[in-house]
Amino acid sequence: MDSETLLARITDYASRPNPYPLYEELRQAGPVVWQTGGNCVIGTYHQIAALLHDPRMSAAPHAHGEAPRQPFLRVDDPEHHRLRTLAMRPFGPPHSPRRIEGMRGEIDAITKELMASFEPGRQIDIVDDFAYPLPVTVICRLLGVPHEDEPLFRAWSDALVASADVRPDQESDETDKAGEQARMEMGGYLLHLAEQRRGHPSDDLLSAFVNEPDPALRLTQEELAITAVLLLIAGHETTVNLITNGVLTLLRTPEELDRLRREPDLLPRAVEELLRYEPPVHMRERIPIADIEVAGTVIPRGTSVILVLASGSRDPKRFHQPDRFDPTRPDNQHLGFSGGIHFCYGAPLARLEAQAALGALLPHLGTAGLVQDPPPYRQNAMLRGPRHLPVQL
């Protein structure tokens, strides 16, 4: 049956420009859709939301055996709670409530600096000229990475993101090895950088981690390296897609672009709608640690379950006219930041960056045009976004 190949068709690169018809097919096939490889895919909003909050669903890639150390994104409670709490102390409330909001001026300054060369008549690449350098500069400054070392992270990030992608065959390959090598190299670099701050604190996250005065609240060196890598990768990869998908969506919907230019106060709601309509993260894998029933179907313990968040956020049983981009949409409880205990750690920063970026771009987009539509997309199906977005100003 065609439904048994849905995951393979969704992850096929040919589907990258527009996977949404396949998501509709997925929802119509049923809440639980079994695949030829023995795993299953779920694309309906209410089932995804329930499973994201179900403690029987594990985020660990090796839920039933020994596994290498993982970031808190791929660890279950209680270890997840411990690691995430320690990582959050210097990042956000309640211990550092003004850390993110205090970066607003710096984010605005970086945005203006990047846009200084945006002149009428010029063709720019939204990704390379704006959407990539903005969040990577912000997260490097937040962590305390020197500006001259920022280019190191692109190759490392590409390898790590490729290894984290959803692949229907579920088999390890050279991609996994390259990802592990990149993780070790980046972790070693960040750990060395952090050690230089020990006893010499400055106002950045690495410094805060190594100079934590309470021994019970300190990350081990291994935990610090893994957490720093996660924060750096997650701190910019998804935001690149959010900004780029946002520009693409606005240029495809000129009436909504005009509305936002007239009513800039709608921008925070527009960002939430972008997180629903064209989210940066499309799916997540979970593994039940016990047999679990979903809509009358029993999913056995140990099964790979792919939750297609982007499909759930376009479920007509939850959202009115889900295929319409509506910046005024009420009750927009999208799945763009996942949910449950693994709700996106960096959501406040991503929102702030997207609002600043799109707000600064709005005056330029009114007379801008897409050079290529659809644009070339990145290989990754899980973190979906254009690799380039050429725009004529």
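When the chain is treated as a GNM with alpha-carbon contacts under 10 Å, the residue of Arg259, Arg74, Arg56 showing the greatest mean-square fluctuation is Arg259. State the percentage of accessible surface on region 1-52 attributable to carbon and sulfur atoms; use a 1.4 Å probe and exclude ligands, DNA and RNA. On region 1-52, the fraction of accessible area on carbon and sulfur atoms equals 53 percent.
Measure off, as a whole percent, the carbon and sulfur share of the 1.4 Å-probe accessible area of region 108-189, all protein chains present. Carbon and sulfur atoms account for 53 percent of the accessible area of region 108-189.
When you restrict to C-alpha pairs under 8 Å that are six or more residues apart and normalise by the size of the chain, the relative contact order lands at 26 percent. Shape class for region 212-356: oblate, because the ratio a/c of the largest to smallest gyration tensor axis (alpha-carbon atoms, square roots of eigenvalues) is 1.5 or more and b/c is at least a/b.
Along the chain, the longest continuous region that contains none of the GluC sites (Glu not before Pro) in a DSSP loop with at most 15 other C-beta atoms within 10 Å is 172-393.
Calculated accessible area for region 67-131 comes out at 54 Å² per residue, all protein chains present (probe 1.4 Å; ligands, DNA, RNA ignored). If only the Cβ of Lys and Arg carry +1 and only the Cβ of Asp and Glu carry -1, the dipole of the chain around its Cα centre is close to 680 debye. Using the Karplus relation 6.51 cos²θ - 1.76 cosθ + 1.60 with θ = phi - 60°, the per-residue 3J(HN,Hα) values for region 338-346 come to 6, x, x, 5, 9, 3, 3, 4, x Hz, with x marking Gly and Pro. Counting only protein heavy atoms and a 1.4 Å probe, region 167-316 has 41 square angstrom of accessible area per residue.
Relative to one another, the C-alpha centroids of region 29-108 and region 346-360 are positioned 21 Å apart. Between Phe91, Phe72, Phe118, the Gaussian network model of the chain with springs among Cα atoms under 10 angstrom shows the greatest mean-square fluctuation at Phe118.
Entry note, the chain: the mean residue ellipticity at 222 nm calculated from DSSP H runs of n ≥ 4, each adding -39500 (n - 2.57), is -13500 deg cm²/dmol after division by the residues and rounding to the nearest 500.
How many angstrom lie between the Cα centre of region 191-225 and the Cα centre of region 256-310? Computed from Cα coordinates, the inter-centre distance equals 34 Å.
The values are calculated or read from the model by the stated rules, or taken from the named source; none is laboratory data. The structure presented is a predicted model; accordingly, all values stated were derived computationally and were not measured. All Cβ positions, glycine included, derive from the backbone under ideal geometry; neighbour counts span all protein chains shown. Accessible surface is based on the protein model in full, side chains and every heavy atom, while ligands, DNA and RNA are left aside. Shrake-Rupley method; radii C 1.70, N 1.55, O 1.52, S 1.80 Å.
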